[in-house]
Amino acid sequence: MLDSPITRRALLKAGGALVVSFGFVPRVADAQAANTGAKTVSADEVGGFIAIDSGGQVTLYSGKVELGTGALTALTQIVAEELSVAFARVKAIQGDTMLTPDQGPTYASLSIQNGGMQIRRAGATAREALLEQAASRLGVARTELVARDGSVALRDGSRALTTPSCSAAASWR
């Protein structure tokens, strides 16, 4: 047993070592287990970018992040426009590599030019899938339907489908 405490400096001079570590493994493992098979991060799939819950809340998953250029606002507007929902109904998750597609680096207007186009395509694809589901459910041609104010309606406004009427898998209000 030592008579006096050894200082950090004395330990290092004597050839000792000081090791400081942090353990994050359990949290990472928990996050990976929770995400296993639950959500794709593929940039080739609509589900990599967009999720719509049974309450009609739209979640945008963007590999681009906000750096003060307004990119997040613009990307959120793109999704809201494509799905015909209010901007306030779109929440964004950005830059989480376990949840968002790899869209490359975030840089100025190219974030919108490149990443925005991927997100616009995903939104348009999701909208068309919802319109097709609604056409099947209503027994009408797809061309008779329009996406409007978070619902799928006949162009004349006589009938509409809202959450959860469209589909449990991709419902929309």
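Each reported figure results from applying straightforward, stated rules to the coordinates on display, with no laboratory input. Fair warning: this is a prediction, and the values are worked out from it, not measured in the lab. Note that we place each Cβ from the backbone using ideal geometry, even for glycine, and neighbour counts take in every protein chain shown.
Grab the Cα-Cα distance for Thr143 and Arg155, subtract it from 0.36 nm times how many residues apart they are, and report the gain in nm with one decimal. All intermediate terms of the calculation are to be shown ahead of the outcome.
On the way: separation 12, 0.36 × 12 = 4.32 nm, distance 0.87 nm.
Fully extending the segment from Thr143 to Arg155 adds 3.4 nm.
Need one number: nm distance between label points at Thr125 and Leu67, each 7 Å from Cα along Cα→Cβ, rounded to one decimal.
2.6
Ordered by packing density, taken as the mean number of other Cβ atoms within 10 Å over each peptide's residues, highest first, how do 67-78, 114-125 rank?
Numbers: 67-78: 16.8, 114-125: 19.2.
My ranking of the peptides, most packed first, is 114-125, 67-78.
Give me Thr100, Thr7 ranked fewest to most by other Cβ atoms within 10 Å of their Cβ, as a rough exposure proxy.
Numbers: Thr100 22, Thr7 9.
In increasing order of surrounding Cβ atoms, one gets Thr7, Thr100.
Skipping prolines and chain starts, which residues have an amide H placed within reach, meaning under 5 Å, of the one on Gly95, given they are 5 or more residues away or on another chain?
When sequence neighbours closer than 5 places are left aside, the close amide H contacts are Ser62, Gly63, Lys64.
Using amide H atoms built in the peptide plane, which far-off residues or other-chain residues are under 5 Å from Arg159 H to H?
Leu154
Would you calculate the separation in nanometres between label points at Glu132 and Phe87, each defined as 7 Å from the Cα along the Cα-to-beta-carbon direction?
3.2
Full-extension gain between Glu45 and Gln77, please, as 0.36 nm times their residue separation minus the C-alpha to C-alpha distance. Before the final figure, lay out the partial values.
Working: separation 32, 0.36 × 32 = 11.52 nm, distance 1.99 nm.
This chain segment gains 9.5 nm when fully extended.
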